[in-house]
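Peer 1: Quick one: structure below, then a few questions.
The values are calculated or read from the model by the stated rules, or taken from the named source; none is laboratory data. Worth saying up front: this structure is predicted, and the values here are computed from it rather than measured. Cβ placement follows ideal geometry from the backbone for every residue including glycine, while neighbour counts extend to all protein chains displayed. We work out accessible area using only protein heavy atoms, side chains counted, and drop any ligands, DNA or RNA first. Shrake-Rupley method; radii C 1.70, N 1.55, O 1.52, S 1.80 Å.
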Amino acid sequence: MAENVKPRVRVPGTASAGEVITIKTLISHTMESGQRKDDDGNTIPRSIINRFVVDFNGENVIDVQLEPAISTNPFFEFQATVPESGTFNFTWYDDDGSVYTEAKDITVS
Amino acid sequence: MKKLAVAAVLSVSVAAPSVADETANLVLNGETQITVRADAPAHVDGLSEIISGWVFRSDETQALQMDDFDNPGMIFVDEARDTWNEASGEAGESCASCHGEPESMAGVRPVYPKWNEEAGEVRTLAMQINDCRETRMEAEPWGYTSGAMANMEALISSVSRGMTINVAIDGPVAATYAAGEELYYTRTGQLELSCASCHEQNYGNYIRADHLSQGHINGFPVYRLKNAKLNTVHARFKGCVRDTRAETFSPGSPEFVALELYVASRGNGLSVEGPSVRN
Amino acid sequence: MKLTRRQTMLAAMGTAAIAALPIKASAAADDAIAAFTGGAELGEGGITLTAPEIAENGNTVPIEVSAPGAEAIAIFADGNPTPAVATVLFGPLAAEQMAATRIRLAGTQDVVAVARMPDGSFVQARQEVKVTIGGCGG
Amino acid sequence: MKYAVKLTTGCMVGCAALIATVAFAETVEPTQVAYGDYGEVETSLTGVPGDPENGKLIMVDRGKGNCIACHQVTSLEEFPFHGEVGPSLDGVSERWSEADLRGIVANAKMAFPETVMPSFYKTQGYFRPGDAYTGKAGEEPLPPLLAAQEIEDVVAYLMTIKYPD
């Protein structure tokens, strides 16, 4: 597992049914592109988050395939509709096989 | 020539949205007012107004600092919060053992570097952190510009954001202040450039596509887009001096401590911004 | 006519901007786009790409894409050594088909966003982003 | 093939040696440049006419002259982002003589003592001289920022710069 990888998400705590809400996510990760060289001239192997998935109560919101051109500490902002109270599940997949997850509840009134 | 100038202005509309808005104001998270412009302190002869480096950045870079979620520097503040609570060293103490919550550090950043009476020396925040580690925690000191140090400085700065920089320049620090001032105006290296050459005489001008700021350090540690990590004051000093094709001073050296005290005091009146975001 | 500092600055950037030397789109970029579209024709309209005209540093360039009703949006940087940047698939709970992220650009070039619509058609938007060059020689 | 390679190498070494000898005989050393009262330098540093095309490349190269870091030049518009720390160089050949420009490029502080412009043909008298951009100490005399012929090439290009129409 890459070092110091920590997911962060921002989801409003409450919303009304059918309301459009904005979600922001950021995960600390170097996103080593595989195109840089170290001091000895050797290529530093690629090591990135390659996929990011957001579901709400088992239904998909977005599913992103990331390439090395995504910046260090990948950031995503997007919009979701929530039909009822429930839980957002966020999952990041690392090249090295690690999976990072975060969950956030929202109450729909 | 006049005709040319007019023609150039006509092309303004093309580039306007991307260029720093020099009238912009900074409010963090919609609540913390940051002073980005102030009258220059009386001891600074070369400037009439002091302006935060944030003002010189593009709209997009400015936006990255306006909300803690968008600010990648806050990742490192989070890391430091974990470190804050971890016992380290022979004494089995953590920062929290003595200081409680990191928020208790509010008001520390604005007055550093400052005189330490007991030690009889000027201390930067990094020196104070390492003194705590060595003396109280009996732990290994951190490298002066190391990631762990940058993170802890970011945490301690972050709880003082919005507070006014107020670094003392007289009394026991007078000699250090004078040494820092002299270095600020000394042209170093084969390019014979002083800090003042760029940041006092030419702030607001572009050097290639780089918009020169006044070089204040109220935003340190700084998350730079260039290297996607936190950068400490002395690492930045070293980089700048290196770019004059000079032999640099070392981070933590008396010269850089003096320069830090002097440069910090030039920003007296601006707000603490660290961790800020710059290019 | 007296120019304020800001006007002068803008003028300077304006002159520079006109003269920027973009990295040419590569065959790899065309291939990457074709891999997403299956070679289908690219229409215009119905997709918005928001990117800075001038990026202060190519390491972190904020962009936003939006294509109401799209099934997916793929983002490309046509002058990067590897042109693909990201592909966003929108699920049933995506309220509006938009995403904002931060990307790396190897130099001045076009950023291209291509949306796949539910009827199988594709639309694109492209914008040049000028990546600045630092002043110091080192 | 082997023979050809050998021949080329031989020629390269020979030619280089020849050029070096000629250059040595003609080149004015950085410490020997004769500046006039206004910082001008009347005589060529090499005796070899400057090549304006090469001068242009030196002016836009970040590792060489990097002139556009500080100066706007309309005739170099194809190279993006010109700085504004120094004056525009448009019309520079109409404002200055070749001798003035040679002096300013070699050591602008002779004409303008307070200028922030680096001295491109000066090798000693620095505070904390470094080894290029390494941050490590350099030993004086340092290699000049530009070689004598490079100065002549830049001056030759500057002499082509008129005010734009």
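Peer 1: Tally Lys/Arg at +1 and Asp/Glu at -1 over every other residue whose Cβ is under 15 Å from the Cβ of C:V123; what's the total?
Peer 2: Summing Lys and Arg as +1 and Asp and Glu as -1 gives -2.
Peer 1: Once amide H atoms are built 1.01 Å from N in the peptide plane, which residues 5 or more positions from A:T14, or in another chain, come under 5 Å H to H?
Peer 2: Answer set, sorted by chain and number: A:T107.
Peer 1: Report the accessible surface area buried between chains B and C, summing both sides, using a 1.4 Å probe on protein heavy atoms only, in Å² rounded to the nearest 100. The partial results should precede the final answer.
Peer 2: Values: alone 13840 and 8530 Å², together 19570 Å².
The summed interface area works out to 2800 Å².
Peer 1: List, by residue number, every residue in segment A:45-66 with a reduction of 20 Å² or greater in accessible area between the chain on its own and the complete protein assembly, 1.4 Å probe.
Peer 2: A:E59, A:N60, A:V61, A:I62, A:D63, A:V64, A:Q65
Peer 1: Could you sort A:D105, D:D165 by accessible area so the largest value comes first, with the probe set to 1.4 Å?
Peer 2: On the way: A:D105 110, D:D165 195 Å².
I get D:D165, A:D105, largest accessible area first.
Peer 1: Determine how large the accessible area of A:V99 is when every protein chain is in place; take a 1.4 Å probe and give Å² rounded to the nearest 10.
Peer 2: Rounded to the nearest 10, that gives 80 Å².
Peer 1: Percentage of Cα-Cα pair distances in segment B:138-279 greater than 23 Å, rounded to whole percent? Display every interim value, and only then the final one.
Peer 2: Details: 3501 of 10011 pairs.
Summing the P(r) of segment B:138-279 above 23 Å gives 35 percent of all pairs.
Peer 1: Right, next: Translational diffusion coefficient of chain B at 37 °C, 0.692 mPa s, Stokes-Einstein with Kirkwood Rh over Cα pairs, in µm²/s as a whole number.
Peer 2: Numbers: Rh = 19.6 Å.
In µm²/s, the coefficient rounds to 168.
Peer 1: Please turn the phi angles of segment B:55-65 into ³J(HN,Hα) values with the Karplus equation 6.51 cos²θ - 1.76 cosθ + 1.60 (θ = phi - 60°), one per residue in order, whole Hz, x for glycine and proline.
Peer 2: Going residue by residue, I get 5, 7, 8, 5, 3, 5, 5, 4, 4, 4, 9 Hz, with x marking Gly and Pro.
Peer 1: Please quote Rg/Rh for segment B:39-169 to two decimal places, taking the Kirkwood radius as Rh and restricting both calculations to Cα atoms.
Peer 2: Values: Rg = 16.7 Å, Rh = 16.5 Å.
A ratio of 1.01.
Peer 1: Could you provide, to the nearest whole Å², the per residue accessible area of chain B with probe 1.4 Å?
Peer 2: Values: 10720 Å² over 279 residues.
Counting only protein heavy atoms, the per-residue value for chain B is 38 Å².
Peer 1: Which pairs in the list C:K24/C:K130; D:K56/D:K162; B:K238/D:K136; A:K37/D:K136; A:K37/B:K229 are over 20 Å apart, alpha-carbon to alpha-carbon?
Peer 2: On the way: C:K24/C:K130 13 Å; D:K56/D:K162 14 Å; B:K238/D:K136 11 Å; A:K37/D:K136 23 Å; A:K37/B:K229 18 Å.
Those over the limit are A:K37/D:K136.
Peer 1: Quick check: Cα centre of segment A:12-73 to Cα centre of segment D:30-100, how many Å?
Peer 2: 48 Å
Peer 1: Under 10 Å, Cα contacts only: if you run a Gaussian network model on chain A, which one of A:T81, A:T43, A:T30 comes out with the highest mean-square fluctuation?
Peer 2: Among A:T81, A:T43, A:T30, the largest GNM mean-square fluctuation belongs to A:T43.
Peer 1: Sticking with this one: Would you be so kind as to identify which of B:V27, D:P129, B:V272 lies farthest towards the positive end of the dipole of the protein assembly as shown, taking Lys and Arg as +1 and Asp and Glu as -1 on Cβ and the Cα centre as origin?
Peer 2: D:P129
Peer 1: Using the basic label-point model (7 angstrom from Cα toward the beta carbon), what is the A:T91 to B:A96 distance in nanometres?
Peer 2: So the label points at A:T91 and B:A96 sit 3.2 nm apart.
Peer 1: Something else now. Roughly how many Å is it from the Cα centre of segment B:142-190 to that of segment B:211-275, as a whole number?
Peer 2: If we compute the Cα centre of each part, the gap is 8 Å.
Peer 1: Determine the sum of side-chain charges near D:A99: Lys and Arg each +1, Asp and Glu each -1, restricted to other residues whose C-beta is under 14 angstrom from that of D:A99. Kindly include the intermediate steps, with their values, before the conclusion.
Peer 2: Values: positive: D:R95, D:R102; negative: D:D37, D:E40, D:E42, D:E98, D:D100, D:E152.
Taking every other residue near D:A99 into account, the sum is -4.
Peer 1: Summing Lys, Arg as +1 and Asp, Glu as -1, what charge do residues with Cβ under 10 Å from the Cβ of B:L47 carry, B:L47 excluded?
Peer 2: Details: positive: B:R266; negative: B:D39, B:D45, B:E49, B:E200.
So the surrounding residues net to -3.
Peer 1: Accessible area lost on pairing A with C, both sides, 1.4 Å probe, Å² to nearest 100?
Peer 2: Values: alone 6520 and 8530 Å², together 12770 Å².
Buried surface at the A/C interface: approximately 2300 Å².
Peer 1: Add -39500 (n - 2.57) for each DSSP H run of 4 or more in the protein assembly as shown, then divide by its residues: what number comes out at 222 nm, to the nearest 500 deg cm²/dmol?
Peer 2: Only helices count here, giving -7500 deg cm²/dmol.
Peer 1: Related question: Taking the Cα centre as origin and putting +1 on Lys and Arg beta-carbons and -1 on Asp and Glu beta-carbons, what dipole magnitude results for the protein assembly as shown, to the nearest 20 debye? Mind showing how you got there, number by number?
Peer 2: Details: 52 positive and 91 negative charges, 205 e Å.
In total the dipole reaches around 980 debye.
Peer 1: Then there is this: What FRET efficiency would be calculated for the residue pair A:V108, B:E118, taking the C-beta separation as r and a Förster radius of 45 Å, to the nearest 0.05? List each step's numbers first, then the result.
Peer 2: On the way: r = 58 Å, r/R0 = 1.29.
Once the sixth-power term is evaluated, E becomes 0.20.
Peer 1: Whenever you get a sec, line up B:M127, D:M110 from highest to lowest accessible area (probe 1.4 Å, protein heavy atoms).
Peer 2: Numbers: B:M127 50, D:M110 90 Å².
These residues rank, largest area first, as D:M110, B:M127.
Peer 1: In Å², rounded to the nearest 100, what is the total accessible surface buried by chains C and D against each other with a 1.4 Å probe?
Peer 2: Working: alone 8530 and 10780 Å², together 18070 Å².
Using a 1.4 Å probe on protein heavy atoms, the buried area is about 1200 Å².
Peer 1: Would you mind working out the accessible area per residue for chain A, using a 1.4 Å probe, and quoting it in Å²?
Peer 2: Details: 4920 Å² over 109 residues.
With the other protein chains kept in place, chain A gives 45 Å² per residue.
Peer 1: Can you give the accessible area of D:E42, probe radius 1.4 Å, in Å² rounded to 10?
Peer 2: Here the accessible area works out near 130 Å².
Peer 1: How far apart, in nm, are the 7 Å Cα→Cβ label points at C:D119 and A:A17?
Peer 2: With each label point 7 Å from Cα toward Cβ, the separation is 3.3 nm.
Peer 1: So, one more: Shielding by partners for D:71-83, please: the mean number of other protein chain Cβ atoms within 10 Å of each residue's Cβ. Walk me through the intermediate numbers first.
Peer 2: Working: counts 0, 6, 0, 3, 0, 1, 5, 3, 5, 17, 21, 8, 11.
Across D:71-83, the average partner-chain Cβ count within 10 Å equals 6.
Peer 1: Hull surface divided by four, with the convex hull built on the Cα atoms of chain A: how many nm²? List each step's numbers first, then the result.
Peer 2: On the way: hull surface 27.3 nm².
Taking a quarter of the hull surface, the average projection is 6.8 nm².
Peer 1: Next up: Based solely on C-alpha atoms, express the radius of gyration and the Dmax of the protein assembly as shown in angstrom.
Peer 2: Rg and Dmax of the protein assembly as shown, Cα atoms, are 27.9, 90 Å.
Peer 1: Where the centroid of each part is defined by its Cα atoms, how far is segment D:107-126 from segment C:109-133 in Å?
Peer 2: A separation of 49 Å, based on Cα centres.
Peer 1: Given R₀ = 35 Å, FRET efficiency for D:E26-C:S26 by Cβ-Cβ distance, to 0.05?
Peer 2: After rounding, the FRET efficiency stands at 0.15.
Peer 1: Got a number for carbon plus sulfur as a percent of segment B:117-234's accessible area, 1.4 Å probe?
Peer 2: Numbers: 2060 of 4350 Å².
Of all accessible area on segment B:117-234, carbon and sulfur atoms account for 47 percent.
Peer 1: Give the residue from C:G107, B:A178, B:P254 lying farthest towards the positive end of the charge dipole for the protein assembly as shown; charges sit on Cβ (+1 for Lys and Arg, -1 for Asp and Glu) and the dipole is referred to the Cα centre.
Peer 2: C:G107
Peer 1: Sticking with this one: Tell me, what is the 1.4 Å probe accessible area of B:S88, in Å² to the nearest 10?
Peer 2: B:S88 exposes around 40 Å² with every protein chain in place.
Peer 1: Just the number, please: Stokes-Einstein D of segment D:14-165 in µm²/s, Kirkwood Rh from C-alpha pairs, 4 °C, 1.567 mPa s. Please list the in-between numbers first.
Peer 2: Working: Rh = 16.1 Å.
Once the numbers are plugged in, D ends up at 80 µm²/s.
Peer 1: Let me ask you something else. Using only the alpha-carbon atoms, how far is helix B:174-184 inclined from the longest principal axis of chain B? Give it as 0 to 90 degrees, nearest 10.
Peer 2: 40 degrees
Peer 1: What are the residues of segment B:39-87 that lose 20 Å² or more of accessible area, with a 1.4 Å probe, going from their chain alone to all protein chains?
Peer 2: The answer is B:S58, B:E60, B:L64, B:D67, B:F69, B:D70, B:P72, B:I75, B:D78, B:E79.
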